[in-house]
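Heads up, the thing below is written out as structure tokens.
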Amino acid sequence: MSVESVDLRTIAATADWPTSTATLTPTPTPTPTPTRVARINGVALNLEAEALAPEALRQRAYTELLRQAAVRDGQLDSDDAAAVDGVVSEAASQAIDAWLEAELRVPEPSEEACRRHHAAHPARYRTGEQVRVRHVLFSVTPGTDVVALRNRAETCLLDVRCHDGTASDGFGRSARELSNCPSGEQGGELGWLKPDDCAPEFARELFGHVEVGVLPRLVHSRFGLHVVEVLEREGGVPQSFEAVPGAVAMALRQQAWVTALRQCLQVLAGQATVEGIDLDAANTPLVQ
């Protein structure tokens, strides 16, 4: 990306112009230092003028590693264009899914492992558990400045935690003024929720816990960033292992898949030329 041309009106306003035309030389305007461009095997992940949070840049790097792996192994046409904005083509998305399906080896959990997991996490396997919740949603849409959005969300979280438990309903006010969810008109109230009533990543932060009040962290979901207050909880009834073996096995498979994906990305990063970003890398395949 080329450096933006100098605005002559800015020079005219700031330069110390001499009275003699023989020495008519304006004070030079400093050239802005461009943001460093990160690359995977020479492919740019961002524009010079684009400042990204480290986690957002790492996400682009991992996506590009997978896209290049799909091209290398014939899952994706080599003409598929890399995405400088972090959004890959539909063909690339499908090819990455197919590549991961072929490459990741996820072991089937044993009954012994499932029983240990169930015994260690009894709160996750209850029936009838529900929570009454309200939230402030900071939605992520195409073109959203994620860094600025997170800053606004964290400022809101700090503010409502300061007012948590006080007579002043700072949470309701923040929801009405800031939330991108229609529930903002009702102070962010979502009512009583069960695990199946919300997105899985949102449910994981709400259920199987004992916290009541404003959660001390932002909750991430496919819709954006949430500031969440748990108003009430009903704990539900514990279920025996014999009642939920499929759910327990699925949870362990998901954990194994995440571990396999993390190791796969480390190997891909170790094989790539990585510039402008720090990634965990391994030179040899890791044993699960």
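Every number here is computed from the coordinates shown, using simple stated rules; none is lab data. Model, not experiment: these values are computed from the prediction. Reconstructed Cβ throughout: ideal geometry from the backbone, glycine too, with neighbour counts over all protein chains shown.
A few points about this structure:
- Charges were assigned to the Cβ only: +1 to each Lys and Arg, -1 to each Asp and Glu. The resulting dipole of the stretch 104-148 about its Cα centre is roughly 200 debye.
- Cα centroids of the stretch 73-141 and the stretch 223-288: 8 Å apart.
- Placing a pseudo-label 7 Å from each Cα along the Cα-to-Cβ vector at residue 220 and residue 110 gives an inter-label distance of 3.3 nm.
- The alpha-carbon positions of the stretch 239-279 define a convex hull whose volume is 63 Å³ per residue.
- Expressed per residue, the C-alpha convex hull volume of the stretch 50-109 stands at 91 Å³.
- Over every Cα atom in the stretch 180-281, the radius of gyration and the widest Cα-Cα span, Dmax, amount to 18.7, 52 Å.
- Positive dipole terminus of the stretch 56-164, leading residue within 99, 131, 88 (C-beta point charges): 131
- Cα pair count fraction exceeding 15 Å, expressed as % - the stretch 75-122: 62 percent
- The stretch 126-238: equivalent-ellipsoid semi-axes (sqrt of 5 x gyration tensor eigenvalues, Cα, Å): 23, 17, 12
- The Cα atoms of the stretch 25-155 define a convex hull whose projected area, averaged across directions, is 15.4 nm².
- Dipole magnitude for the stretch 70-149: computed about the Cα centre from +1 point charges on Lys and Arg Cβ and -1 point charges on Asp and Glu Cβ, it is near 900 debye.
- Its Cα centre serving as origin, the stretch 126-238 has a Cβ charge dipole (Lys and Arg +1, Asp and Glu -1) of approximately 160 debye.
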